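Student: This structure is in C-alpha cells; I'll ask about it shortly.
The values are calculated or read from the model by the stated rules, or taken from the named source; none is laboratory data. Predicted model only: the values in this text are computed from it and were never measured. Positions of Cβ are generated from backbone atoms using ideal geometry, with glycine treated the same way; all protein chains shown enter the neighbour counts.
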Amino acid sequence: MSKITKKEVKEFVKEKLATDRIWAIKALLKIFENQTLEEQKFKDTIYHNGVGFNGTDGEILSSFALQFQKKRFLSDKQMVILFKKIPKYWAQIVKISDEKQLHSLIQS
C-alpha cells in the first residue's frame, strides 16, 4: 500500500465534489454548518475566516443548503451550479473528513 499524496487527495475529492450528487450535497451542508449563525441568517459571507463559503458563493449556496434542509431536493439546474462551485471547497472537506476513511476510498 503506497502513501497517498496531498495532490491525489485533492484530485480525488475535487472530482467527487464535481460529479457525485451525494458528495456534493453533503459537502454543501457541512460547509453551510460551518458558516457563522449570522452568515447563515443573512445567506452571505460576512467574516473572511477561511471557513464556509466565499463572498461570491455565499448567497446562492446558502440558499441551496436551506432549500435542501427543508425540501430534501435540489433541481437538476441547481445541481449543475453546485457541481461547478463546490469543488473549490475541497480543502475544507478534507479538513473535516476522516483521513483513514478518505485514503481507503482513494485506494479502492
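Student: What do you reckon, is LYS16 at pLDDT 90 or above, within 16 Å of VAL94 (Cβ to Cβ), surrounded by 15 or more Cβ atoms within 10 Å (Cβ to Cβ) and basic (Lys, Arg)?
Tutor: So LYS16 passes the test.
Student: Further question on the same structure: If you go through the range 65-86 one residue at a time, how many are of a type outside the set (Lys, Arg) and closer than 19 Å to GLU15 by Cβ?
Tutor: Matching residues across the range 65-86 total 6.
Student: Consider only pairs whose beta carbons are under 9 Å apart and that are at least six residues apart or on different chains; among these, list those whose first residue lies in the range 56-77 and is of a type in the set (D, E, K, R) and whose second residue is in a helix (DSSP H, G or I) and modelled with pLDDT of 95 or more.
Tutor: Short answer, once both residue conditions are applied: ASP57/LYS85; ASP57/ILE86; ASP57/LYS88; ASP57/TYR89.
Student: From the residues in the range 26-72 that are among the β-branched types (Val, Ile, Thr) and modelled with pLDDT of 85 or more, which one is surrounded by the fewest Cβ atoms within 10 Å (Cβ to Cβ)?
Tutor: THR56
Student: Also, I was wondering about something else. I'm checking my understanding of the structure. Among residues of the range 80-104 that are surrounded by 15 or more Cβ atoms within 10 Å (Cβ to Cβ) and among the aliphatic types (A, V, I, L, M), which one is nearest to PHE53 (Cα to Cα)?
Tutor: By that ranking, first place goes to ILE86.
Student: Mind listing just one residue for me: the one in the range 56-82 that is part of a helix (DSSP H, G or I) and basic (Lys, Arg) and, of those, farthest from GLN35 (Cα to Cα)?
Tutor: Among those that are part of a helix (DSSP H, G or I) and basic (Lys, Arg), it is LYS77.
Student: So MET1 clears everything in (1) modelled with pLDDT under 90; (2) of a type outside the set (Lys, Arg); (3) buried (at least 18 other Cβ atoms within 10 Å of the Cβ); (4) part of a loop (DSSP other than H, G, I, E, B) except one condition, right? Which one?
Tutor: (3)
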